[in-house]
Each structure stands twice: as structure tokens, then as C-alpha cells.
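J.: Once you've had a glance at the structure underneath, I'll fire off some questions.
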Amino acid sequence: MNQFILESALSGKLLEMLLLSTALLLAASVASLCAYRASAAVRHLIWSLAIAGCLLLPILTLVLPDGMTSSLQSGLVISPGTGDQVVPRTSQAADDSGSNSASGTTPGLAVEGTQQRSGERPPLSSVLVEIMTWVWVAGSLLLGGKLLHTIRRINRDASRARPVEDPVWLKTAQQVEETAGLSPGGLRLRRTDRKHSPMVTGLLKPVVLLPLDADQWNEEQRLQVLQHEAAHLRRGDGLTQFLAGMITALYWLNPLVFLAYRQMLIQRERACDDQVLCAGADPTCYAHHLLGMAKNLEGPALDLKLEVAMARRSEMSGRLMAILDTHRNRRSPGPMAWTTSVLTTLVLAVGLAMITPVSQAAPTPSSLDHRSDTVYSAGHPTGKDAEDWSLTEIREAIDLANGIIEQGVADSDVDAMLQPYSSSMVLLAMGGARAEGLRGMREAFNVMVENYRALEIETLEVERITDEVVYEIGRYRYYRGKEPRSLSGRYLSIWHWESGHWRVFRDISNF
Amino acid sequence: MRKLLTIGWILLLSMVMVSGPGSANAEDSGVLSRAHGRMADALKQGDADALASCYTQDASLSFPLRPDIQGRAEIKRQMSYVIGLGIRSFHIIEDDIFVGADVAIQGGTCIFYNETGQEINRSRFYTVWHRVDGRWLIYRDFVV
């Protein structure tokens, strides 16, 4: 059962995360469209932050106070005091009376052979959600695993590549290091024995992998290639791409995250092209060189998913147009653009995490522990002490309370249902299920109103124990709308006189 | 010594008053101890009649997923079944006790053991007791 709770909570979280990430990525799409005059580096920043924001969302839902972000997770109610005791989400098997469980009693005590009904199973929607959860987990693990496997493969390829010792290349590298602001030796060159696009690989100690035919490039081409790769190194694109890849693996159920990932890669390459052009490269020559490299690619000689490759055929057309566009903004984002983008993402992520429960009218943490009892209180004459109440009058108060609870179920009004309950209420139900306090009762009632549309309560006995304590025994029946299925059983409630009102203080019920 | 006893009594009284309606106190718990003792003896001896006599004539037992058991005759049959399961002793962990002049309610967990002291089962319960002719008998028993 606890596994089911976990899965349900996980499913609720999954749905919540999908919705929140969709909203965030849509906002990034709008921002990117609005920034059509901005440089590729700015648009890359927008998409990178949006993907990073997706990772921030689940963290925010954990960091923000309880109740603000948990409304989609109400699969089951976990009692506040005891982590291992739960109120089942549904009691659909409750009308399966006549269990064949081995049970018996001793005086005052009972022996229940089976605490849990063997036929109990979650509803179809829960099963589907559970399946979806496992599909999601499996997909994330698969993609995440593939990503890690790719890293290993690229590292292996990089370690097999020979360090470049050609003085011509080393001289150009030194020149680029100086102009790009890299530390001496920061541009580490290695050559593979295959034809591929020049690329940066490695997260902590990135290297530039040059293809087999790199020596055929002229001096200008060598300079442009190294300027492009130096731009990747300076921007930390390898690490950004790895993190974005992991987040994409986590959110793989959301197609928008793949779109964002792709846009991030496209804008990243264009941003690096812009830096080459800003360094003085001739756009036409650079475009021609890029096109030549793309034509000579042998296909996926190396896995192109994690390395930062300079030339890709699929995006070449738009990229060449961007290179040849002389009016294009090619500036890197300044401190103001960075600050604005980061703050906007943060505000948006926090706002989304907080808007979710508001849109679902979820109660705030403080309101979970309180209830308005104006209707119920109105039935209590003021200035009367507990001992002044006759049993008949107490019975009338109980009838009033039960009527309020019945109406509350009919109206799906949990606040109304809570009116007669004590703040120190403890509810015990079959199988060790337990709810404590108004918060626990609210959660239990939320589950009830989700599953049932009507309730009938019939009081069978009321007896006074002391002046301030009364017990009530009765029958109840919950109805699922027009369906014949229902949940019925007996209950024993203990009522206690609290601040001028009779309140339900203990409730034990059977199916 | 007398002062100490007075202070102790005041402290005890304060604790009882402060301890709200739900908490069990030693005085109330003791009220039912003799009745529990009778039940324990009857169970140990495997005496269904004696066990059933710990209930009022109109007592009823309520269990999950089963019809209520009502009256001493049905209760006796149930007790025979319990004895047949090998249950010979029990221990009660009390959570709540409310004691009036002739009515009491006790709530808690009951743990059942077989002859070798092995735990067979544990259940949460609330029990309504009636005092009949000076003896506390079970009137209603709710188990979950």
C-alpha cells in the first residue's frame, strides 16, 4: 500500500512538473520570439535558462511551504503523526461485505486475521497513472543512461586521439587563446583519424578534436575553426549541453523540452559563429568553409549528441543565412541582459510553482488547520455549560452536525464538513488508516468528496459518559453519484465539549 | 512528609486536569483493570462462557467487512473461535480512556499472543463499557 502511495504521489508530481515545465518553456518561446532582434547569444541564454528553470521547478515545489504545491499529489493522505499509516484514496471494495478473512474476538478486543482486503485494488485511473509513472521513470533512466554512456564513449575517443604537435596549429592556437581571453594552454588540440566536424568535448578538461583532414585547411580556416571552438570553451557550452541533456532526459515526456534543447543548440552555434565574425572573419569565406566541412562529413563518426560540434548538416541553411546577414546583432549578452534573464527565470519559476495550487484553490498551510463553523455554532445556545445540556439536546446538536457533514459531501464542501470536528480529532479507519487534526480530516474528506457524491448518516445511539464526553454510534453510507456502488459501515464517535461546543474528538469506523 | 504528600497530590491533580480529555490517566485506567483481569483469566483457560460473560447481554462487536456480532450467544460462539485459533493472552496499549459513573470508553491497541507468547495479531479498538451490578462489562466493541 505504501508503494502505491509513493507511486501516486510521484504521479501527481510528474503531472505537476509536466504542466509547470510546459508553462515555463512556452514563456521561453514567447521571450525568444520577442527577442528576434537580439543576438543568438541572448536567445541561447533564454533557452538555457528555461531548461535550467525546468530543473528548478521540482526543487521549488519542495522548498516552498507544504500545501502550496501539493494539491496535485493528493493521491493518498498520509497522517501527520505516523508516516506508515494512511487513509486509502478510495474504498471501492468497501461494499464487498462478507469477507472470508479469519477473524474473531476476545472480550473487548478483536482478532482480525487479515488487516487488508485481498481484493483491494486502486481505480483504473490510478493504475494508468501508475503505469505512466513507471514509463516516465524508465524513459528518464534510459535517456540518462544513454547520455552517460555517450560521455564515456566520447571520453574514450578523445583519449585515443593524438595530441596535435604541429607548430602551425600550436601557433594559431596560442594566437586564439590570447584574443579569446583563454588561459595559456586552454585550447588543447587533439586529432582523430576520422572525418568529422571539429568539436569540443569533455566536461572538466575540454579538448578540441580535429578531424583527419584538418591539415588541408588554410591558415584562415584554421583560425576560424579555433576561434569558433575557443568561443565554446569560453562560454562553457560543453557543461551547459550536458546539464541540458540530463534535464531533457528527466522531462522527456514533454515534447517542448526537446524543442527547447534543439533551439538551445542552434542558437549556441550561431553565437559562436558571431564571435568568429566579430573577431574579423569574412562572412562569405567563413560560410564557404562551414559548408565545405558539412559536405565532407562522413556521417555520425562520433556521437554528435554530447560533443559541441561546429558543423551540422541539419541546421546549415539557417546558419549560413545568419552568417551572411550583415545587419544581424552579434553582441554577447552584457551584465544587464544576464541579470534580467536570470531574475525573470527565477521569478517565473517561483511564480509558476506558487500559481499551481492557487488555480486549484488549494488551502494554505494555516487554513488546513482551521475551519469556519458558523452554521454549526449557530445551533449551540450561548451561555450554556456542558452539564446544562440534556441528552436530547446533545442528540439534536449531533443531528445538526451530521446534517452539515451530509450536505458538505453533497456540495463537495470540505470546509463545511469540518465544522463539528475538534482540532485534536483522531480518525481511525480500517486497516490502520488514520487521520489526525483538522488538517488530516481535511485531507481524508478531500479523498471522500473526490470519490463520493452523497452521504447518509444515521445515529443509532447516544450516551453520556461524563458531563463533557458523549459517545455516538451510528451507520453511514457513502454513494458514488448515480452508481449503485457505495461505501457503508458503522462508526463510533466520541464527542467532547470544547469552548461552548460539542466537537467530534475521536472517530472509529468500519466498512 | 505530610507536606511532600500534599505537594505530590497537588501535582498529580494538576497533571490530571491539564491532561485533556483524550489522555489516559492511571486512575481511569485502573477502573477497568479488574475486568481485563477476568478476561485474561478466561482466555488463558480457554473458557468461552467466561469470556462471553464479560459482555452485557445486549453487547455487540463490530469488525471490518463483517456483520456485527450481537448478543451473548453469538459472542460466545465467536469466543470459541478465538480460543480455537490458539490465542491465550493479550496485552493492551491504552491511548484513550473516559470514565463516567456507569459508562466508560477505552481506546487503544490490543496485541494477541498464543500459548508460546508469540504475537498472533494486533488491532486498534474502541470499547464502550457499562457498569452492571458493580461489574464493568463490554457493551460495544469497535475494531479496525
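J.: Output the number of residues of region A:381-417 satisfying the condition of being part of a loop (DSSP other than H, G, I, E, B), more than 33 Å from the chain's Cα centre (by Cα) and surrounded by fewer than 17 Cβ atoms within 10 Å (Cβ to Cβ). It would help to see each step written out before you state the result.
T.: Narrowing region A:381-417 to residues part of a loop (DSSP other than H, G, I, E, B): A:381-385, A:389-390, A:411-413.
Still in the running and more than 33 Å from the chain's Cα centre (by Cα): A:381-385, A:389-390.
After this cut, where a residue has to be surrounded by fewer than 17 Cβ atoms within 10 Å (Cβ to Cβ) as well, the list is A:381-385, A:390.
Residues that pass the stated criteria total 6.
J.: Here is a follow-up. Quick one: would you say A:E458 is at pLDDT 90 or above and out of contact with any Gly (no Cβ under 6 Å at 6 or more places or on another chain)? First the steps, then the outcome.
T.: Values: at pLDDT 90 or above: yes; out of contact with any Gly (no Cβ under 6 Å at 6 or more places or on another chain): no.
Criteria not met by A:E458.
J.: Regarding region A:458-468, can at least one residue be identified that is in contact with a Pro (Cβ under 8 Å, 6 or more places away or on another chain) and charged (D, E, K, R)? Even if it seems obvious, please write down each step before you answer.
T.: The initial filter retains those residues of region A:458-468 that are in contact with a Pro (Cβ under 8 Å, 6 or more places away or on another chain), namely A:468.
Applying the additional criterion that residues be charged (D, E, K, R) yields A:468.
Checked region A:458-468: at least one residue is in contact with a Pro (Cβ under 8 Å, 6 or more places away or on another chain) and charged (D, E, K, R).
J.: Another question about this same structure. Let me spell it out: the conditions are (1) surrounded by fewer than 21 Cβ atoms within 10 Å (Cβ to Cβ); (2) at pLDDT 85 or above; (3) within 12 Å of chain B (Cβ to nearest Cβ), and A:H496 meets all of them except one. Which number is the exception?
T.: Here A:H496 clears every test but (1).
J.: Can you name every residue in region B:51-95 that is in contact with a Pro (Cβ under 7 Å, 6 or more places away or on another chain) and either closer than 15 Å to B:F125 by Cβ or polar (S, T, N, Q) (or both)? Working first, answer last.
T.: Within region B:51-95, the first condition is being in contact with a Pro (Cβ under 7 Å, 6 or more places away or on another chain), and the residues that meet it are B:51, B:54-55.
Hits for region B:51-95 are B:C54, B:Y55.
J.: Then there's this: May I ask you to list the residues in region A:487-511 that are of a type in the set (D, E, K, R) and either within 15 Å of A:I394 (Cα to Cα) or touching an Asp or Glu at 6+ places or on another chain (Cβ under 8 Å) (or both)?
T.: Keep residues of region A:487-511 that are of a type in the set (D, E, K, R), which gives A:490, A:498, A:503, A:506-507.
Across region A:487-511, the qualifying residues are A:R490, A:E498, A:R503, A:R506.
J.: Continuing with this model, one more query. Mind listing whichever residues of region A:294-323 are surrounded by 13 or more Cβ atoms within 10 Å (Cβ to Cβ) and at pLDDT 70 or above?
T.: Scanning region A:294-323 gives A:A294, A:E315, A:M316, A:R319, A:L320, A:A322, A:I323.
J.: Mind checking which residues of region A:469-485 are more than 7 Å from chain B (Cβ to nearest Cβ), of a type outside the set (A, V, I, L, M, F, W, C) and surrounded by 17 or more Cβ atoms within 10 Å (Cβ to Cβ)? Steps first, please.
T.: As a first pass, look at region A:469-485 and keep what is more than 7 Å from chain B (Cβ to nearest Cβ): A:470, A:472, A:474-485.
Adding the requirement that they be of a type outside the set (A, V, I, L, M, F, W, C) leaves A:472, A:474-485.
Within region A:469-485, A:E472, A:G474, A:Y476, A:Y478, A:Y479 meet the criteria.
J.: On the given criteria, is A:L291 touching a helix residue (DSSP H, G or I) at 6+ places or on another chain (Cβ under 8 Å) and modelled with pLDDT of 90 or more? Give the steps one after another, and end with the answer.
T.: Working: touching a helix residue (DSSP H, G or I) at 6+ places or on another chain (Cβ under 8 Å): yes; modelled with pLDDT of 90 or more: no.
For A:L291, the condition - touching a helix residue (DSSP H, G or I) at 6+ places or on another chain (Cβ under 8 Å) and modelled with pLDDT of 90 or more - is not met.
J.: Just checking, how many residues over region A:188-203 are in a loop (DSSP other than H, G, I, E, B) and either surrounded by fewer than 19 Cβ atoms within 10 Å (Cβ to Cβ) or within 39 Å of the chain's Cα centre (by Cα) (or both)? Write out each step before concluding.
T.: Of region A:188-203, the ones in a loop (DSSP other than H, G, I, E, B) are A:188, A:192-198, A:202-203.
This time we only want the ones that are either surrounded by fewer than 19 Cβ atoms within 10 Å (Cβ to Cβ) or within 39 Å of the chain's Cα centre (by Cα) (or both), so: A:188, A:193-198, A:202-203.
The qualifying residues number 9.
J.: So which residues in region B:61-111 are in contact with a Lys or Arg (Cβ under 6 Å, 6 or more places away or on another chain), closer than 16 Å to A:S509 by Cα and surrounded by fewer than 22 Cβ atoms within 10 Å (Cβ to Cβ), if there are any at all?
T.: B:T109
J.: Further question: Filter region A:466-486 down to the residues that are modelled with pLDDT under 90 and assigned to a loop (DSSP other than H, G, I, E, B) and list them by number.
T.: Matches in region A:466-486: A:R480, A:G481, A:K482, A:E483, A:P484, A:R485.
J.: With the requirement that a residue be of a type in the set (S, T, Y) and touching a helix residue (DSSP H, G or I) at 6+ places or on another chain (Cβ under 7 Å), what does region B:101-144 give you? Even if it seems obvious, please write down each step before you answer.
T.: Restricting attention to region B:101-144, the residues satisfying the condition of being of a type in the set (S, T, Y) are B:109, B:113, B:116, B:123, B:126-127, B:139.
Within region B:101-144, none qualify.
J.: Same structure, new question: Away from every other protein chain (no Cβ under 14 Å) and within 34 Å of the chain's Cα centre (by Cα): which single residue out of A:A454, A:A433 fits that description? Reasoning before the result, please.
T.: Numbers: A:A433 fails: away from every other protein chain (no Cβ under 14 Å).
Just a single option satisfies the conditions, and that option is A:A454.
J.: Has region A:260-273 got at least one residue that is within 21 Å of the chain's Cα centre (by Cα), assigned to a helix (DSSP H, G or I) and at pLDDT 90 or above?
T.: From region A:260-273, those within 21 Å of the chain's Cα centre (by Cα) are A:260-261; that's our starting set.
Subsequent filtering for residues that are assigned to a helix (DSSP H, G or I) retains A:260-261.
Applying the additional criterion that residues be at pLDDT 90 or above yields A:260-261.
So far as region A:260-273 goes, yes, one or more of its residues are within 21 Å of the chain's Cα centre (by Cα), assigned to a helix (DSSP H, G or I) and at pLDDT 90 or above.
Quick grid of which residues meet (1) modelled with pLDDT of 80 or more; (2) in contact with a Leu (Cβ under 9 Å, 6 or more places away or on another chain):
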residue	(1), (2)
A:K13	no, yes
A:V30	yes, no
A:A40	yes, no
A:L45	yes, no
A:L56	yes, yes
A:L62	no, no
A:S70	no, no
A:V86	no, yes
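J.: Just to be sure I understand the filter: pairs with C-beta atoms under 7 Å, separated by 6 or more residues or on different chains, first member in region A:245-258 and of a type outside the set (V, I, T), second member part of a loop (DSSP other than H, G, I, E, B) and buried (at least 19 other Cβ atoms within 10 Å of the Cβ). Which pairs pass?
T.: Matching pairs, first to second residue: A:G245/A:L306.
The values are calculated or read from the model by the stated rules, or taken from the named source; none is laboratory data. Quick caveat: nothing in here was measured; it's all calculated off a predicted structure. Every residue, glycine among them, receives a Cβ derived from its backbone with ideal geometry; neighbour counts consider all protein chains shown.
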